[in-house]
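Right, one structure below, let's go through it.
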Amino acid sequence: DLEFFEKRIRPVLLERCYECHSAQSAKVKGGLLLDSREGMLRGGDSGQPAVVPGQAGKSRLIEAIRYGNEDLQMPPPKAG
């Protein structure tokens, strides 16, 4: 629902994702734009959508932020 997205999801995207994955980024990483519905559904260089509506478990965005896949962790762990 739109209200849930605007209150709970968009703020996280703004804070954690848009620096690298928005049209305003100096360089869009992985070809993925997360600042539009179309960009999320199209996905990035992987050729897979970042979001699968109604199926969060199949969404690469969810997979990335849960850090369950060592090759797909967003935001990337800080080198230290």
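Counting only the Cα atoms, the chain fills a convex hull of 105 Å³ per residue. Distance between the modelled labels on Asp71 and Ala26, one decimal in nanometres: 2.9 nm (7 Å Cα→Cβ projection).
Since every read-out is calculated from the coordinates, none of them should be taken as a lab result. All values derive from a computational prediction rather than experimental measurement. Because the Cβ atoms are built from the backbone with ideal geometry, glycine has one as well, and the counts that use them run over all protein chains shown.
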